[in-house]
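Asker: Got a structure here, written out as structure tokens. Questions coming.
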Amino acid sequence: MQRLFYYVKSMEEDFATKTLIGKEKITCQTVQEILKTKILKPNTFSFGKEKRLSCTVIDKNYTKTYRPQGIIFQTIEPFSMVFPFDLVLLCQTENIIVKYYKIKDKLDQFYNHKLIPGYEKFIFHDFSEMIKKISSPKVAWDMVNKFRVESGYNPLPISKFRLVEYNEVVFHKPIKIKPVAIFGYRTETKKIAKELNLPSFRSAKEFYNKTCS
């Protein structure tokens, strides 16, 4: 049985998940809809893979998040796989963008790359097994850089290091969740949290430090 984790689903500034229909980005679920149904739906189309729900496990070495706001939750449903970094680092491209705001209106372009053959070596099905083999973001950074260079790509510049500071957990079906908290640094975060009757934190790191450490 897998450990009962705290997960993050990061959201856009309007506290909604988005999905791509062709080149158009549309709302998949608002945070209000998620809280009402207690269901999170797959929303990500990228890298030639089937539609999936991408989240992050909050852990000692993983307190950063893809976006600066979102929902923290728990679920008893098992994930399909987990990567020790953002899946974009395994793409067949040198043009990897770190800051989401630079690509959020061009997702069809930046998420249209194929994955480097052999990327499966970074797939894990057990979080503890992953941490045992790849104990920190620094280890993950060294391993993915070696893999990319051996595959014919340039070493990643240190400016991309943020992409190994959070993991990527993948679910391939809608999951039932237990909402735990809302996080985000914007002033409206507390307002949304109060509306949803959930505690609020400025970041997932603050949540982890106050709740788990």
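Asker: Output yes when any residue across segment 37-45 is of a type outside the set (A, V, I, L, M, F, W, C) and in a strand (DSSP E or B), and no when none is.
Answerer: Looking for residues that are of a type outside the set (A, V, I, L, M, F, W, C) and in a strand (DSSP E or B), one finds at least one in segment 37-45, hence yes.
Asker: How many residues are of a type in the set (Lys, Arg) and part of a loop (DSSP other than H, G, I, E, B) if we restrict to segment 165-179?
Answerer: Looking only at segment 165-179, we keep the residues that are of a type in the set (Lys, Arg), and these are 173, 176, 178.
After this cut, where a residue has to be part of a loop (DSSP other than H, G, I, E, B) as well, the list is 173.
The number of residues fulfilling the criteria is 1.
Asker: Search segment 159-184 for residues that are acidic (Asp, Glu) and pair each with any residue that is assigned to a strand (DSSP E or B) when their beta-carbon atoms are under 9 Å apart and the residues are at least 6 apart or on different chains.
Answerer: Between residues of segment 159-184 that are acidic (Asp, Glu) and residues that are assigned to a strand (DSSP E or B), the close pairs are 165/62; 168/54; 168/55; 168/56; 168/81; 168/82; 168/83.
Asker: Within segment 81-105, work out how many residues are part of a loop (DSSP other than H, G, I, E, B) and either among the charged types (D, E, K, R) or at pLDDT 95 or above (or both).
Answerer: Qualifying residue count, segment 81-105: 7.
Asker: Test residue 156 against the stated conditions and say whether it is touching a Lys or Arg at 6+ places or on another chain (Cβ under 8 Å), hydrophobic (A, V, I, L, M, F, W, C) and either part of a loop (DSSP other than H, G, I, E, B) or closer than 26 Å to residue 18 by Cα (or both).
Answerer: So residue 156 passes the test.
Asker: What do you reckon, is residue 190 out of contact with any helix residue (DSSP H, G or I) (no Cβ under 9 Å at 6 or more places or on another chain) and modelled with pLDDT of 95 or more? Working first, answer last.
Answerer: On the way: out of contact with any helix residue (DSSP H, G or I) (no Cβ under 9 Å at 6 or more places or on another chain): yes; modelled with pLDDT of 95 or more: no.
For residue 190, the condition - out of contact with any helix residue (DSSP H, G or I) (no Cβ under 9 Å at 6 or more places or on another chain) and modelled with pLDDT of 95 or more - is not met.
Asker: Still on this structure, please answer the following. Surrounded by 15 or more Cβ atoms within 10 Å (Cβ to Cβ), of a type in the set (Gly, Ala, Ser) and in a helix (DSSP H, G or I), is that true of residue 193?
Answerer: Criteria met by residue 193.
Asker: Continuing with the same structure: Could you grab me the full set of residues in segment 16-30 that are touching a residue at least 24 places away in the same chain (Cβ under 8 Å), under 20 Å from residue 173 (Cβ atoms) and either not in a strand (DSSP E or B) or not polar (S, T, N, Q) (or both)?
Answerer: Of everything in segment 16-30, those that are touching a residue at least 24 places away in the same chain (Cβ under 8 Å), under 20 Å from residue 173 (Cβ atoms) and either not in a strand (DSSP E or B) or not polar (S, T, N, Q) (or both) turn out to be 18, 20.
Asker: For segment 146-162, what are the residues that are modelled with pLDDT of 95 or more and buried (at least 18 other Cβ atoms within 10 Å of the Cβ)?
Answerer: 148
The values are calculated or read from the model by the stated rules, or taken from the named source; none is laboratory data. Worth saying up front: this structure is predicted, and the values here are computed from it rather than measured. As a convention, Cβ positions derive from the backbone with ideal geometry for all residues, glycine included, and neighbour counts pool all protein chains shown.
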